[in-house]
Amino acid sequence: VALALALRRGLGGGRHRMLAGGAHLAGGLAIAILAGMAIFGRRFRGGLYLAGLTNPSELVKILLPICYAGILAEQGKTLGQGVLPRPSARLLAALSLYLGAPLALLALHRDFGLALLLCATAVALLALAGGKTWHALVGYLALVAIAAIAFQGIAHARVRWQVWRNPFQDEAGSGWQLLQGLAAMYHGGFWGRGLGAGFPHLVPIAASDFIYAVWGEEIGFLGCGLMLLLYSAIFTVGLRVAGRQRDDFSRYLAVGLTVTLAAQTLLHTAGVTKAIPLTGIPLPLVSHGGSSLVVSLGILGLLAAQSDAGAGRSATVKGKTRERKKKESHG
């Protein structure tokens, strides 16, 4: 609510456009946060946290989309020339810094879920700036291939890959969490056991990493399907907000924030249902509160501010159209 009110339409349109001037500042702050967490963070259940189990790394889900949107709005025109993207040296250097450095730091964090999420957002924005849909398809196929190689080549990720391939290989150890989550969803069946009638305490880390399995047991396949429809509605609105923006930065920012939420939802649900290896990423707006919930609400606040600016412009255009028609009819 605070972001929506602070960045809603102003004298020259949406105040959120002021963020474009801070693109490099946002990218530098994201790198600083990740570096600080690598130095001062303490590991708990595979993740890095500060005192009180706060995780400032979640802020990069807002900071880096702002950074990418600002840079591409300023320098992204060259991407649409020719069959292959041809970024300028300046754009290539900026992307190498603001994408390469966070990915290297996240490798130190062993946070592959957030790394995949940032890559998904970057690919979507690069394809949008280049104006070629097939660039996104090729980019995501390359991302899947790189992720598969990473899961095979890095020790911590290799364990998750082996669990995904065969959780029964160590059913009382590394495969226990995934098997308990699958069992919970199986017991839920189509209709679910009912709200409060499940056994979430039997699923490890049920409040965050495996919250979708808890809901699968209590509201069943049908309820989870409706939940995903609600998410789809949020993402559709986010893309519609992007379509109403008249400047590149606003459009890129709305798409980047929407893709960030969508990719996070996909990584969580696909990991819990064993469609992909586990990434340990929370489900937006559903997993327990904390840093992730605050950032998810912040993303929605930014989209609400952009939507308000777009609605204001639409109303102005409609008003001018009606006024012009009245003048023509009187004439």
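Descriptive notes on the structure:
- Test: residue in segment 38-47 that is part of a helix (DSSP H, G or I) and open to solvent by less than 60 Å² (accessible area, probe 1.4 Å): yes
- Once segment 224-260 is narrowed to residues that are open to solvent by 50 Å² or more (accessible area, probe 1.4 Å) and not in a helix (DSSP H, G or I), the residue that is modelled with the highest pLDDT is Arg244.
- Selection of segment 190-223 for residues being in a helix (DSSP H, G or I) and free of Cβ contacts under 8 Å to residues at least 24 places away in the same chain yields Pro200, His201, Leu202.
- Identity of the residue in segment 48-77, β-branched (Val, Ile, Thr) and closer than 16 Å to Gly113 by Cα, that ends up surrounded by the fewest Cβ atoms within 10 Å (Cβ to Cβ): Ile62
- Taken together, the residues in segment 270-289 that are surrounded by 22 or more Cβ atoms within 10 Å (Cβ to Cβ) and assigned to a helix (DSSP H, G or I) amount to 2.
- Restricting Ile33, Ile39 to those that are among the β-branched types (Val, Ile, Thr), within 19 Å of the chain's Cα centre (by Cα) and under 30 Å from Pro204 (Cα atoms) reduces the list to Ile33.
- Some residue of segment 132-155 being in contact with a Gly (Cβ under 8 Å, 6 or more places away or on another chain), touching a residue at least 24 places away in the same chain (Cβ under 8 Å) and either under 29 Å from Pro56 (Cα atoms) or loosely packed, with under 14 Cβ neighbours inside 10 Å (or both): no
- Of all the residues in segment 175-203, those that are in contact with a Lys or Arg (Cβ under 9 Å, 6 or more places away or on another chain) and open to solvent by less than 50 Å² (accessible area, probe 1.4 Å) number 2.
The values are calculated or read from the model by the stated rules, or taken from the named source; none is laboratory data. Computed from a predicted model, the values in this text were never measured in an experiment. Neighbour counts are summed over all protein chains in view; Cβ atoms, including those assigned to glycine, are modelled from backbone coordinates with ideal geometry. All accessible areas refer to the heavy atoms of the entire protein, side chains included, with ligands and DNA or RNA removed. Shrake-Rupley method; radii C 1.70, N 1.55, O 1.52, S 1.80 Å.
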